[in-house]
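The values are calculated or read from the model by the stated rules, or taken from the named source; none is laboratory data. Because the structure is a prediction, the values reported are computed rather than measured. So basically every Cβ, Gly included, is an ideal-geometry build from the backbone, and we count neighbours across all protein chains shown.
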């Protein structure tokens with residue numbers, strides 16, 4: 001993986017020193033809160049309901065075992081022994097004290113991490129496919145491009161005060177595991193007619209109060225032109241994006257109001273007019289690409305006899321392998337999703353002990369690398385298939401062996417009103433109730449792929465708009481209630497879910513979801529998934545069962 | 001009776017720790033029981049102005065309604081009790097105030 005060069009290390013150190021001074025000035029009274037707030041936000045420090053919250057960037061979701069151990073150390077030393085992995089592939093600490101944050105940032109800087117640009121109206125952490133570099137269906141590892149974009153967008157003076165925050169996602173696979181179509185810019189690697197890799201560029205996706213699917217404005221941008229093309233998009237947005245109304249300031253509104261064709265014309269004109277288009281130094285590009293070169297794999301075959309024997313001998317292991325394994329591009333290896341969704345647990349939370357166990361797993365069973373997924377799980381990207389049973393035993397000692405990747409209990413949930421100052425309702429208890437309701441392993445397997453996503457407010461950090469079943473928590477007259485949406489999808493033919501009637505009380509949500517699931521199981525044909533059955537039968541038939549107890 | 005017609009307290013977050021605090025009339029306390037109850041708009045306005053002047057101690061003071069049962073808004077109750085869920089690092093294991101907030105929710 002990429003390691004900081006001298007420039008990276010120096011600017012992070014300078015920013016950390018700068019923030020230490022800013023905290024001192026705030027505590028001495030030299031800075032008012034109004035002056036200090038934008039400074040702390042630029043360093044990822046929010047104030048939530050009960051405490052400060054520090055959001056640490058994990059570039060494109062990739063981190064080393066050393067970095068994971070440091071996160072565990074931070075959790076123990078300056079927080080309450082746990083962290084929360086987010087849908088932005090970042091980690092949040094929920095209880096840091098302001099006076100400790102400079103020390104935390106120093107500790108992060110020592111392992112080449114920071115919290116810069118995890119807030120504010122700038123280009124945020126670039127997100128990517130958690131299986132980048134190892135997925136069998138991939139054209140190329142997109143992380144070299146993601147790293148280039150990180151370097152380009154970090155402290156970019158022209159794009160540090162955009163109309164609103166800006167999120168870019170990138171995938172190297174035709175199968176989108178990075179939800180690229182619900183980002184401000186979604187990049188999907190494709191090949192042109194000559195077979196050269198480049199990027200399809202989609203713009204104007206997003207969730208929040210106005211969910212939209214991104215529109216493709218260019219079928220192919222050569223890799224060498226990508227930064228220049230991105231700059232053209234950013235300039236059009238910076239110039240025309242609305243600054244008078246924060247609810248209309250995202251680029252999706254600009255694309256919608258101008259129209260895709262007119263927006264595209266503006267971008268193409270800006271791209272063509274660049275006198276000195278930004279290009280990356282070829283030596284730098286080569287160095288970054290080298291940093292993402294695959295490890296030296298052993299020459300192995302898929303499906304070793306030892307794996308088959310272990311599966312035959314142990315049904316729980318078989319279930320875990322069948323559910324949480326991703327096909328690897330290298331024969332004899334596997335990508336493994338380590339679920340952070342134990343039955344009845346808090347989606348995305350990991351204790352410091354679990355973080356250390358994950359770091360150990362990365363060292364003992366891989367090449368010291370981990371990924372954070374936007375589904376709030378962890379991926380071990382390079383596990384030998386003949387060592388899967390040993391890995392599973394290790395994970396099971398730490399409560400990390402839940403076999404539910406992609407299933408009904410693999411629920412995305414934002415922190416909601418249990419932590420978040422913006423939330424209107426709680427998310428976590430609803431996720432826990434649904435998880436407990438569908439705890440039975442055989443039943444989960446019978447239901448198959450089903451994505452439930454829960455947000456505690458209209459800002460949609462829990463991605464409810466793209467849940468096969470989405471749950472949005474709202475508040476009216478002091479009471480929490482929950483609005484269901486159906487038919488959303490973050491991948492492939494990405495779609496925004498459709499609202500399904502009046503809201504429900506929290507305790508009604510598991511029953512309603514159970515009726516939806518039973519309706520699907522009763523009517524599915526062959527191997528149809530929930531989403532396929534929903535699409536075949538239509539919205540209304542599913543909507544009706546939500547409000548038909550005993551049907 | 002709307003919330004604004006109810007007695008109010010001034011609440012904020014402690015600058016150093018971020019914890020929720022209440023204006024007592026002389027300073028800040030983490031206990032709602034210590035909070036100065038403000039019955040009329042004029043005293044509420046004055047107390048808020050004093051609290052806002054204490055920016056070296058707290059962040060973002062504002063008025064929150066109370067009735068006989070305590071803080072009125074569910075959000076405010078969660079603020080003082082902490083998350084309603086049994087998270088890994090919870091200092092008050094075995095129920096605690098979080099469970100109370102959970103049971104009084106919607």
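Taking the stretch A:66-80, which residues are touching a residue at least 60 places away in the same chain (Cβ under 8 Å) and within 13 Å of chain B (Cβ to nearest Cβ)?
A:72, A:75, A:76
How about the stretch A:332-355: which of its residues are in a helix (DSSP H, G or I) and buried (at least 19 other Cβ atoms within 10 Å of the Cβ)?
Going residue by residue through the stretch A:332-355, those that are in a helix (DSSP H, G or I) are A:352-355.
Passing the criteria: A:352, A:354, A:355.
The rows are residues; the columns are (1) surrounded by 14 or more Cβ atoms within 10 Å (Cβ to Cβ); (2) within 11 Å of chain A (Cβ to nearest Cβ); (3) touching a helix residue (DSSP H, G or I) at 6+ places or on another chain (Cβ under 9 Å).
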| site | (1), (2), (3) |
| --- | --- |
| B:4 | no, no, yes |
| B:8 | yes, no, yes |
| B:12 | yes, yes, yes |
| B:19 | yes, yes, no |
| B:23 | yes, no, yes |
| B:32 | yes, no, yes |
| B:40 | no, no, no |
| B:47 | yes, no, no |
| B:51 | yes, no, no |
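Please find, among A:425, A:361, A:390, A:403, the residue that is under 25 Å from residue A:70 (Cα atoms), within 22 Å of the chain's Cα centre (by Cα) and either without any contact (Cβ under 8 Å) to a residue 12 or more places away in the chain or not in a strand (DSSP E or B) (or both). Walk me through it before giving the result.
On the way: A:425 fails: under 25 Å from residue A:70 (Cα atoms); A:390 fails: within 22 Å of the chain's Cα centre (by Cα); A:403 fails: under 25 Å from residue A:70 (Cα atoms).
It is A:361.
(1) within 13 Å of chain B (Cβ to nearest Cβ); (2) part of a helix (DSSP H, G or I): which one isn't true of residue A:444, the others all being true?
(1)
Could you tell me whether residue A:84 is within 22 Å of residue A:353 (Cβ to Cβ) and either buried (at least 24 other Cβ atoms within 10 Å of the Cβ) or in contact with a strand residue (DSSP E or B) (Cβ under 9 Å, 6 or more places away or on another chain) (or both)? First the steps, then the outcome.
Details: within 22 Å of residue A:353 (Cβ to Cβ): yes; either buried (at least 24 other Cβ atoms within 10 Å of the Cβ) or in contact with a strand residue (DSSP E or B) (Cβ under 9 Å, 6 or more places away or on another chain) (or both): yes.
Considered against the rule, which asks whether it is within 22 Å of residue A:353 (Cβ to Cβ) and either buried (at least 24 other Cβ atoms within 10 Å of the Cβ) or in contact with a strand residue (DSSP E or B) (Cβ under 9 Å, 6 or more places away or on another chain) (or both), residue A:84 comes out as yes.
Out of (1) farther than 25 Å from residue A:329 by Cβ; (2) surrounded by fewer than 23 Cβ atoms within 10 Å (Cβ to Cβ); (3) touching a residue at least 12 places away in the same chain (Cβ under 8 Å), what's the single condition that is false for residue A:244?
Single failed check for residue A:244: (3).
Please go through the stretch A:24-38 and pick out each residue that is without any contact (Cβ under 8 Å) to a residue 12 or more places away in the chain, facing chain B (nearest Cβ under 8 Å) and surrounded by fewer than 16 Cβ atoms within 10 Å (Cβ to Cβ).
Within the stretch A:24-38, A:29, A:32 qualify.
Can you tell me which residues in the stretch A:27-81 are within 30 Å of residue A:3 (Cα to Cα) and more than 24 Å from the chain's Cα centre (by Cα)? Talk me through it step by step, then tell me what you get.
If we filter the stretch A:27-81 for residues that are within 30 Å of residue A:3 (Cα to Cα), which is where we start, we get A:38-46, A:52-81.
Correct list: A:38, A:39, A:76, A:77, A:78.
What number of residues in the stretch A:74-107 are out of contact with any helix residue (DSSP H, G or I) (no Cβ under 7 Å at 6 or more places or on another chain) and within 26 Å of residue A:375 (Cα to Cα)?
11
Using beta carbons and a limit of 9 Å, which pairs, at least six apart or on different chains, have the first residue in the stretch A:81-108 and at positive phi and within 9 Å of another protein chain (Cβ to nearest Cβ) and the second one outside any loop (DSSP other than H, G, I, E, B) and surrounded by fewer than 24 Cβ atoms within 10 Å (Cβ to Cβ)?
A:81/A:72; A:81/A:351; A:81/A:352; A:81/A:353
For the stretch A:417-428, name all the residues that are within 9 Å of chain B (Cβ to nearest Cβ) and crowded, with 24+ Cβ neighbours inside 10 Å.
A:417, A:418, A:419, A:423, A:425, A:426, A:428
Among the candidates A:41, A:47, A:54, which residue alone is in contact (Cβ under 8 Å) with a residue 60 or more places away in the chain, within 30 Å of residue B:15 (Cβ to Cβ) and within 10 Å of chain B (Cβ to nearest Cβ)? Reasoning before the result, please.
Working: A:41 fails: within 10 Å of chain B (Cβ to nearest Cβ); A:54 fails: within 10 Å of chain B (Cβ to nearest Cβ).
Criteria check complete, one pass: A:47.
Residues that are modelled with pLDDT of 95 or more and more than 24 Å from residue A:456 (Cα to Cα): which helices (runs of 4 or more DSSP H) entirely in the stretch B:10-106 hold 3 or more of them?
Numbers: elements: B:41-52, B:74-81, B:96-103.
So the answer is B:41-52.
Any idea how many residues of the stretch B:57-88 are surrounded by fewer than 17 Cβ atoms within 10 Å (Cβ to Cβ) and either within 8 Å of another protein chain (Cβ to nearest Cβ) or within 21 Å of residue B:39 (Cβ to Cβ) (or both)?
The initial filter retains those residues of the stretch B:57-88 that are surrounded by fewer than 17 Cβ atoms within 10 Å (Cβ to Cβ), namely B:57, B:60, B:62, B:67-70, B:73.
So of that shortlist, the ones also either within 8 Å of another protein chain (Cβ to nearest Cβ) or within 21 Å of residue B:39 (Cβ to Cβ) (or both) come out as B:60, B:62, B:67-70, B:73.
Result for the stretch B:57-88: 7.
Rundown of residues vs (1) assigned to a helix (DSSP H, G or I); (2) surrounded by fewer than 22 Cβ atoms within 10 Å (Cβ to Cβ); (3) at pLDDT 95 or above; (4) over 19 Å from the mean Cα position of the chain (by Cα), yes/no style:
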{"site": "A:139", "(1), (2), (3), (4)": "no, yes, yes, yes"}
{"site": "A:151", "(1), (2), (3), (4)": "yes, yes, yes, yes"}
{"site": "A:155", "(1), (2), (3), (4)": "no, yes, no, yes"}
{"site": "A:163", "(1), (2), (3), (4)": "no, no, yes, yes"}
{"site": "A:170", "(1), (2), (3), (4)": "no, no, yes, no"}
{"site": "A:174", "(1), (2), (3), (4)": "no, yes, no, no"}
{"site": "A:178", "(1), (2), (3), (4)": "no, no, yes, no"}
{"site": "A:181", "(1), (2), (3), (4)": "yes, no, yes, no"}
{"site": "A:200", "(1), (2), (3), (4)": "no, yes, yes, yes"}
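Is it the case, given these coordinates, that residue A:405 is surrounded by fewer than 24 Cβ atoms within 10 Å (Cβ to Cβ) and in contact with a strand residue (DSSP E or B) (Cβ under 7 Å, 6 or more places away or on another chain)?
Numbers: surrounded by fewer than 24 Cβ atoms within 10 Å (Cβ to Cβ): yes; in contact with a strand residue (DSSP E or B) (Cβ under 7 Å, 6 or more places away or on another chain): yes.
Criteria met by residue A:405.
From the list A:508, A:525, A:514, which residue is within 14 Å of another protein chain (Cβ to nearest Cβ) and either over 28 Å from the mean Cα position of the chain (by Cα) or surrounded by fewer than 22 Cβ atoms within 10 Å (Cβ to Cβ) (or both)? Even if it seems obvious, please write down each step before you answer.
Details: A:525 fails: within 14 Å of another protein chain (Cβ to nearest Cβ); A:514 fails: within 14 Å of another protein chain (Cβ to nearest Cβ).
Just a single option satisfies the conditions, and that option is A:508.
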